[in-house]
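Please read the structure below before turning to the comments.
The values are calculated or read from the model by the stated rules, or taken from the named source; none is laboratory data. Just so it is clear, the structure is predicted and the values come from calculations on it, not from any experiment. Don't worry about glycine lacking a Cβ; one is built from the backbone with ideal geometry, like all the others, and counts go over all protein chains shown.
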Amino acid sequence: MIYESTYELRQELKGSVVVKGDKVEVVDLAKLQADGIDLLARSATFGTEPVKAYARWMIWEIGQVLGARPASIHEFYIARGRGEWENRTVPAMNIRFTAYDTARAALRAAKKTNAGALIFEIARSEMSYCELPPAEYSAMIIAAAVKEGYFHPLFI
């Protein structure tokens, strides 16, 4: 369903997420993962402009609460330079098409194989011709992490 208003979206998410002012509280993670995060991801892409913005904000806040947060890979690479870790690679995935579903698959595989860091990337030119702005792209990666229970730093 494509929601016409943020009120409709909030009503649909009752029981899994509560919004209090500018804070989001996850009250039922299982319910959120079962269907709520899918509704948010779809709304962040296909909703009206106010619904898109609201869904993206909610996804961001849910990620903050659960630990699925965008992070910089810089310190990780600096630690490698100091010799603090070795014998591993950091795959970088350029995702353009079906970002939510593709990120879900990547994160499922990362969990299954106990993989460490992975990077999700998209070039500026691709954002333009794919009509995939940074706010939507990051929302899809965070939503995928929530759906898959991947509560670690997200290198986007």
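Points to keep in mind about this one:
- Among the numbered conditions (1) part of a loop (DSSP other than H, G, I, E, B); (2) at pLDDT 95 or above; (3) of a type outside the set (Ser, Thr, Tyr), the only one that Met1 does not meet is (2).
- Meets criteria (within 25 Å of Ala30 (Cα to Cα), of a type in the set (D, E, K, R) and surrounded by fewer than 20 Cβ atoms within 10 Å (Cβ to Cβ)) for Lys147: no
- Given (1) at pLDDT below 95; (2) in a helix (DSSP H, G or I); (3) surrounded by 14 or more Cβ atoms within 10 Å (Cβ to Cβ), index of the condition Leu32 fails: (1)
- Segment 109-125, subset exposed (fewer than 15 other Cβ atoms within 10 Å of the Cβ) and over 25 Å from Gly36 (Cβ atoms), residue modelled with the lowest pLDDT: Gly116
- Of the criteria (1) outside any helix (DSSP H, G or I); (2) more than 18 Å from Ser72 (Cβ to Cβ), which one His152 fails: (2)
- Selection of segment 126-142 for residues being over 18 Å from Gly63 (Cα atoms) and surrounded by 17 or more Cβ atoms within 10 Å (Cβ to Cβ) yields only Leu132.
- Residues in segment 117-144 that are among the β-branched types (Val, Ile, Thr) and within 27 Å of Lys31 (Cα to Cα): Ile141, Ile142.
- Residue match in segment 12-29 (condition: of a type in the set (Lys, Arg) and under 20 Å from Leu107 (Cα atoms)): no
- When residues of segment 64-77 are limited to those that are assigned to a helix (DSSP H, G or I) and modelled with pLDDT of 95 or more, the one farthest from Ser16 (Cα to Cα): Gln64
- When we screen Glu61, Glu131 for residues that are under 30 Å from Lys23 (Cα atoms) and part of a helix (DSSP H, G or I), the only hit is Glu61.
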